[in-house]
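Nothing in this text is a laboratory measurement; each read-out follows from the coordinates by a stated rule. These numbers come from a predicted model, not from an experiment. All Cβ positions, even for glycine, are placed from backbone atoms using ideal geometry, and neighbour counts span all protein chains on display.
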Amino acid sequence: MDAAFGEALIALLPNLRRFALSLSRRADLADDLVQITVERAITHAAGFDRRARLEPWLFRIMRNAWIDQTRRQRTAGAQLDIFEMPEALPVDPAPALEAHLMLQSVEAAMATLPPEQREVLHLVCVEEMSYAETAEVLSIPVGTVMSRLSRARLALAGKLGIE
């Protein structure tokens with residue numbers, strides 16, 4: 001792994017964490033998923049085509065790691081998180097509380113979307129990936145990305161009462 005690869009990887013950590021949170025919907029699992037992704041990326045850095053963008057390659061690694069984790073959890077049984085704690089509110093909670101409530105509404109509405117639509121919506125709208133990059137990450141045609149995104153946006157707007 002060269003220094004430029006490492007610097008690019010570090011710069012993408014916030015994007016990786018956002019995508020991990022959208023997949024897992026739990027901060028602790030998201031952190032684990034980012035760690036697994038970075039570890040795999042470093043291990044397989046020699047196989048990365050330097051002419052390609054790093055972000056789609058990392059997102060694909062993360063999505064595959066998430067699928068692996070999900071499969072393992074099916075056989076692991078029920079697990080409880082005993083360390084969950086509510087976040088402290090800032091001094092003037094009104095603006096932050098309103099934003100937090102809106103974000104919760106959007107997250108809750110997104111959680112009800114089918115996984116295929118939720119993944120496409122997150123990659124395009126949150127991570128600002130192109131349709132082609134999203135198609136590459138998800139191994140689907142660009143047209144499928146476009147139709148899933150359209151259906152996801154319409155469903156999300158309906159769930160949030162936006163016409």
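For region 92-163, treating each Cα as an identical point scatterer without solvent, what Debye log10 I(q)/I(0) comes out at q = 0.14, 0.20, 0.27 1/Å?
Those come out to -0.47, -0.81, -1.16, one per q.
Output the direction-averaged projected area (hull surface divided by four) of the convex hull of the alpha-carbon atoms of region 1-75, in nm².
Projected over every direction and averaged, the Cα hull of region 1-75 covers 4.9 nm².
Quick one: Cα centre-to-centre distance for region 24-59 and region 89-139, in angstrom?
Cα centroid of region 24-59 versus Cα centroid of region 89-139: 19 Å apart.
In nm, to one decimal, how far is the modelled label at ILE140 from the one at LEU97, with both set 7 Å along Cα→Cβ?
Modelled inter-label distance: 3.9 nm.
GNM, the chain, Cα, under 10 Å: largest mean-square fluctuation among ALA111, ALA65, ALA52?
Top of the fluctuation ranking is ALA52.
Picking from PHE59, PHE19, PHE48, which is most flexible by a Gaussian network model of the chain using Cα springs under 10 Å?
PHE48
Once you have the Cα-Cα distance between ALA108 and GLU163, take 0.36 nm times their residue separation minus that, and quote the gain in nm to one decimal.
18.0 nm
If exposed trypsin sites (Lys or Arg not before Pro) are those in a DSSP loop with at most 15 other Cβ within 10 Å, what is the longest stretch of the chain that has none?
No qualifying site falls inside 54-163, the longest such stretch.
Can you give me the P(r) profile for the chain? Cα pairs, bins 5 angstrom wide beginning at 0, each as a whole percent.
Pairs per bin, as whole percents: 1, 8, 15, 18, 19, 16, 12, 8, 3, 1.
Can you pull out the GluC sites (Glu not before Pro) in region 120-153 whose DSSP state is coil and whose Cβ has at most 13 other Cβ atoms within 10 Å?
In loop regions of region 120-153 (DSSP not H, G, I, E or B), the sparsely surrounded GluC sites (Glu not before Pro) are GLU128.
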